[in-house]
Structure formats: C-alpha cells, structure tokens
Amino acid sequence: MKARIYFITIILSVIVFNYCGLKKPTEFEGNGTLHVQVVDDEQIAVPYALVQLTSSLGIQGTIETTDSSGTFTFTNLASSEYIVSAWKDVDETICYLGSEKISVSSGQEISITAPVRLNTSGLKINEIYYAGPINNEFYFFDQFVELYNGGQDTVYLDGSIIIRGGNYVLAGHDTDNDGDLDYFYFDEVSGEEHRCFVYAFQLDGDPINGREYTVAPGEYAVVDGDAIDHRDIIPTSIDLSNAGYEFYNPYFFRDPNNPDIPDYLNIITGEYGKETTVDFMISVASDIILLVSGEDSEYWDGIDIDTIIDGIEYSSSKTHIHQLDERIDKGSAGIEPDRVMTKYSGMSIQRIRPGFDTNNSTVDFMILDHPTPGY
C-alpha cells in the first residue's frame, strides 16, 4: 500500500518583546503552545504525518509524528517566527501540500486546522541564478531561469511567458481582486497609473495545442539571457552556450542572439505603455519571477492567476517585505538562517524537492554555492 504525502507549512508570527540588553533565544525554550491538525480537502484528518519546527534563527526541532487524529502539539516555544513542515508520501510524484499563516502571542495557546491540497509534481521553476559570478566588474549577464518537469508526462512550453515582477511597489499584486495580477494599476486618489511588472517574454507557439517545445519527465530546460560561454568574458562565470532557450529583445540593438536556440521574445512593445528596450535581466538583490502558460497573453489587462504555472519571490535581505500574491508564493527564496544570497557571489537558489511546490519559497528553496544549469 502506497503511503500518502501530506505536507503543510505554517509560519507562526510570534510577538517578540525587545528588552534592552536581552538577546534573542537560541533554542526552543519558552511558554508558547501550538496545536496543529492537518486535514485534507474534505476536512478529514491526516494521521501519522511527519512534522518539524524551524525557528527564525534556523534552529530545527526533531521530526515528530502526528497522532491518529492528525494532530501534534508544539510546546515550550520561545518568542520567534517559526515554520512548521509536515509531510506524508502518496508516491514519488503525488503529495498533498498546503500552507497557513498564524500569529501567536507570547504565552498564548492556539489550536488551528491546517487544510492541504493534492499536489502533483510537474513543471516548476527549479533554479534561478541571479547573483552574478564572483567579479568586481558588476557583471551579471550570465543569469538564467531553469525549469524542471517532475511529472510523469511530457509538458509543452509553446506560447509560455516568463515575467519579471521587479521591485515596483505593486508588483505581484491583485489590487482590484479580479483574479488577475496587475500590469497597470490606476490610483484614483493620486490620479497616477502604476506599472506593476517589468518584462514579459514569450516563446513562440500555441499555448493550448502547441507540441513543438517539449520538456520530458525528469528533464530540465534552461532559459538564459545570452546563450554563450560567459567564461570567455569573466573566468569565474559559467558556460551557457548549450542552454535550451534564450531571452531575446529585438528592440535592444546590443542583445546578441544565438540563431540555433529558440527565443523567448519581448512582448512589451510599447503598444500598451512604455516598451521594453533591454534584454531580460533580473535584480541581483530581490525580484519576482513568474512562469505563465500563455493562455492569457493580454498582459496589459493583468495576468490571470489561474494561468500562472509557478511564481517565485526572492530576496537577499532578511527584512524583505513580501510582495507577491500569497496564492502564488507566501515566502521568499534566497534567505537561510545562517546566510543570505549576496551580489556577485556566484551563488544560486534551487528547489529542495524538484517538481514539488508548497507555494512558500522560504522552505521550498535552498542556496547553492555554485549554479547548476541543466542538472
């Protein structure tokens, strides 16, 4: 009999009282209590799931097991922020995932029900290399986005769109609650119109019926800015001459193009707002990256959230203010308890479990010392 995977991630915001001269707690010693019950889509308890607690200081508790009612109680919690993860396998390609946020005051005892949903491994953003290589010339043009198909069926990239959200105040928001991530947002109070994402590059083809651009099960697809061997420019960089796809902007006269590699082409041409006149470049500090099916290609009236295959927010700051709609991502990659991504470090972020997504990049991603394009 196959085991079932239920995975729930809960971020606990515990109020911290800052007294002069006191240091943050370094282990789980306090008086906070949290009862967590994991349930499926039908509100049926998930028994014997594995659960683990991680504090904001990176201290991990032991892996525990929920009881027959799907419940485990965490006690003696110090004031901190916590992530609670729970999992139970269905098989190698299917699991139940979910995430919730809750605030707990010091000394408070809370019980919550944590719903999870069926999650089948499939096409996801697997790695983002954005920091740039180790160099003192501010070179970061070797950036790439790597996709991975963790499912059992071949998927097709025809017509898909990759979007950079950028650092706009309203990036990644659905401000009018219409089910679309905004491209433009009109502020009726100020009378100003805000642009809410930076780039949108699309691969040729029909996003519904296209069958030209394939990603087989267990296969990677690397999309880069310039498909060249960047080590010829910066010795500490990487070779991307064998990338599967390339970002290309014909409106940018200095953008080199490899004719042997399919292009994700800039579609922000100036018909709706200011055109994009540079190549697809992402921030070396913090940003939002979206992989969209392309079924909703009319970006100027917003991108239908239901067509977003995957979305990642990343940051190099532990004080980063989260922006992306929580239906897509509730956390931020690039931040670990003992380190964060740094500019021009040659480091990369990669999904811990390829193909699976809790919609919380804080726990889904880890930092790599070196990028691994295509593997």
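Considered as a group, the residues in region 280-320 that are over 26 Å from G150 (Cβ atoms) and part of a helix (DSSP H, G or I) include one that is least open to solvent (accessible area, probe 1.4 Å), and that residue is Y299.
Residues that are surrounded by 19 or more Cβ atoms within 10 Å (Cβ to Cβ) and out of contact with any strand residue (DSSP E or B) (no Cβ under 6 Å at 6 or more places or on another chain): does region 240-254 have at least one? Checking region 240-254: not a single residue is surrounded by 19 or more Cβ atoms within 10 Å (Cβ to Cβ) and out of contact with any strand residue (DSSP E or B) (no Cβ under 6 Å at 6 or more places or on another chain). Pairs are defined by a Cβ separation below 6 Å, a sequence spacing of at least 6 or placement on different chains, a first member in region 49-64 that is among the aliphatic types (A, V, I, L, M), and a second member that is at pLDDT below 70 and surrounded by 19 or more Cβ atoms within 10 Å (Cβ to Cβ); the pairs so defined are A49/Y6.
Could you check, for region 251-261, whether at least one of its residues is touching a residue at least 12 places away in the same chain (Cβ under 8 Å) and hydrophobic (A, V, I, L, M, F, W, C)? Yes. Filtering region 210-228 to residues that are open to solvent by 40 Å² or more (accessible area, probe 1.4 Å), under 25 Å from D279 (Cβ atoms) and free of Cβ contacts under 8 Å to residues at least 60 places away in the same chain leaves E212, I228. If I go through region 262-279 residue by residue, how many of them are open to solvent by less than 30 Å² (accessible area, probe 1.4 Å) and modelled with pLDDT of 95 or more? The qualifying residues number 1.
For region 72-92, the criterion of a residue being surrounded by 16 or more Cβ atoms within 10 Å (Cβ to Cβ), modelled with pLDDT under 70 and aromatic (F, W, Y) is satisfied by no position. Within region 1-13, not a single residue is at pLDDT 70 or above, assigned to a loop (DSSP other than H, G, I, E, B) and out of contact with any strand residue (DSSP E or B) (no Cβ under 7 Å at 6 or more places or on another chain). Take D357 and tell me if it is free of Cβ contacts under 8 Å to residues at least 40 places away in the same chain, within 10 Å of the chain's Cα centre (by Cα) and surrounded by 20 or more Cβ atoms within 10 Å (Cβ to Cβ). So D357 does not fit the description; no. So which residues in region 340-362 are within 19 Å of E92 (Cα to Cα) and of a type in the set (A, V, I, L, M)? Within region 340-362, just I352 meets the criteria. Tallying residues that are closer than 22 Å to G355 by Cβ and touching a residue at least 40 places away in the same chain (Cβ under 8 Å) within region 76-94 yields 10. Return a yes/no flag: does region 178-189 have any residue that is under 23 Å from the mean Cα position of the chain (by Cα) and either modelled with pLDDT of 95 or more or among the β-branched types (V, I, T) (or both). Checked region 178-189: no residue is under 23 Å from the mean Cα position of the chain (by Cα) and either modelled with pLDDT of 95 or more or among the β-branched types (V, I, T) (or both). Here Y19, Y48 are screened, and the one residue that is modelled with pLDDT of 80 or more, aromatic (F, W, Y) and part of a loop (DSSP other than H, G, I, E, B) is Y48. In region 110-167, counting only strands (runs of 3 or more DSSP E) that sit wholly within it, the ones holding 1 or more residues that are buried (at least 20 other Cβ atoms within 10 Å of the Cβ) and in contact with a helix residue (DSSP H, G or I) (Cβ under 8 Å, 6 or more places away or on another chain) span 161-164.
For region 260-272, a residue qualifies if it is in contact with a strand residue (DSSP E or B) (Cβ under 6 Å, 6 or more places away or on another chain) and in a loop (DSSP other than H, G, I, E, B), and the qualifying residues are I261, P262, I267, I268. Looking across region 328-354, the residues that are open to solvent by 60 Å² or more (accessible area, probe 1.4 Å) and either modelled with pLDDT of 90 or more or not in a loop (DSSP other than H, G, I, E, B) (or both) come down to R339, T342, K343.
The values are calculated or read from the model by the stated rules, or taken from the named source; none is laboratory data. Keep in mind that this is a model prediction, so the values were computed, not measured. Every residue, glycine among them, receives a Cβ derived from its backbone with ideal geometry; neighbour counts consider all protein chains shown. Remember, those area values only see protein heavy atoms, side chains included, never the ligands or the DNA or RNA. Shrake-Rupley method; radii C 1.70, N 1.55, O 1.52, S 1.80 Å.
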